[in-house]
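Undergrad: Before I ask anything, let me first share the structure, which is written out below as structure tokens.
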Amino acid sequence: MENENIEYNHMMNEEPYDVNDPKLLHDRIVARRLYTQLNNTDFEDEATKTKLVKQLFGSTGEHVTVRPSFKCDYGYNIHVGEQFFANFDCILLDTCDITIGKNALLAPHVKIYTASHPLNVKMRTSWIGTGKAVKIGDNCWIGGDAVIVPGVTLGNNVIVGAGAVVTKSFGDNVVIAGNPARMIHQLDAEGNIIG
């Protein structure tokens with residue numbers, strides 16, 4: 001059954017929405033409570049941490065690891081595959097879906113943003129939000145301090161260099177780096193540099 005909240009539906013459909021809608025405010029508070037618990041759980045208590053990640057995220061594989069201090073907007077728009085690993089201090093702003101395949105490695109300080117704001121100053125200062133989904137394939141490694149902006153799709157077996165700002169989409173089997181990110185190597189299916 002479709003959610004009856006109009007602003008939630010606008011957000012999920014990548015349409016302008018009211019950031020201060022009561023349901024959305026509530027959902028962000030629920031997410032903050034869960035990730036605060038996650039961030040404050042004893043480092044050796046893997047069972048509790050895994051349980052909290054599974055409560056917070058929309059869907060996961062069986063084995064997921066998220067190190068503190070993790071932050072997100074809603075959590076329920078994050079979908080990760082088997083063997084997902086997020087190192088320290090990652091931020092995933094999931095206004096829209098963030099979908100990440102299996103065997104993903106996020107280095108420290110990775111930021112994935114689906115949230116944005118309109119260019120129109122009146123809309124922006126009225127707290128109207130916008131967003132676009134981010135999709136990342138299987139076997140990807142996102143280097144430390146990399147930023148992935150709204151609307152980006154990355155294929156399978158993509159490596160993103162440390163500090164990269166990814167502003168456009170890339171297909172399978174590439175190493176990308178820089179600001180803005182560009183392809184620096186083509187890879188074969190095994191992950192070896194071609195040429």
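Undergrad: Return the residues of segment 14-28 that are in a helix (DSSP H, G or I), more than 19 Å from the chain's Cα centre (by Cα) and either basic (Lys, Arg) or within 11 Å of residue 126 (Cα to Cα) (or both); say none if nothing qualifies.
TA: Answer for segment 14-28, where residues must be in a helix (DSSP H, G or I), more than 19 Å from the chain's Cα centre (by Cα) and either basic (Lys, Arg) or within 11 Å of residue 126 (Cα to Cα) (or both): just 23.
Undergrad: Kindly provide the set of residues from segment 158-195 that are touching a strand residue (DSSP E or B) at 6+ places or on another chain (Cβ under 6 Å) and not in a strand (DSSP E or B), ordered by number.
TA: 161, 164, 169, 173, 179, 180, 181, 194, listed by residue number.
Undergrad: Sticking with this structure for a sec: Step by step: first the residues of segment 11-23, then only those that are free of Cβ contacts under 8 Å to residues at least 24 places away in the same chain and touching a helix residue (DSSP H, G or I) at 6+ places or on another chain (Cβ under 8 Å), then the one that is surrounded by the fewest Cβ atoms within 10 Å (Cβ to Cβ). Which residue is that?
TA: Restricting to residues being free of Cβ contacts under 8 Å to residues at least 24 places away in the same chain and touching a helix residue (DSSP H, G or I) at 6+ places or on another chain (Cβ under 8 Å), the top hit is 23.
Undergrad: Can you run down the residue pairs with Cβ atoms below 7 Å, 6 or more apart or on separate chains, where the first is in segment 32-53 and closer than 16 Å to residue 75 by Cβ and outside any helix (DSSP H, G or I) and the partner is modelled with pLDDT of 95 or more and basic (Lys, Arg)?
TA: 41/49
Undergrad: Within segment 76-86, how many residues are surrounded by fewer than 23 Cβ atoms within 10 Å (Cβ to Cβ) and either within 13 Å of the chain's Cα centre (by Cα) or modelled with pLDDT under 95 (or both)?
TA: 4
Undergrad: Out of segment 159-173, which residues are closer than 15 Å to residue 135 by Cα and touching a residue at least 24 places away in the same chain (Cβ under 8 Å)?
TA: Scanning segment 159-173 gives 159, 172.
Undergrad: Taking segment 118-135 on its own, how many of its residues are part of a loop (DSSP other than H, G, I, E, B) and surrounded by fewer than 16 Cβ atoms within 10 Å (Cβ to Cβ)?
TA: 5
The values are calculated or read from the model by the stated rules, or taken from the named source; none is laboratory data. In this text the structure is predicted, and so the values were computed from the model without any measurement. Cβ sites come from the backbone with ideal geometry, for glycine too, and all protein chains shown count toward neighbours.
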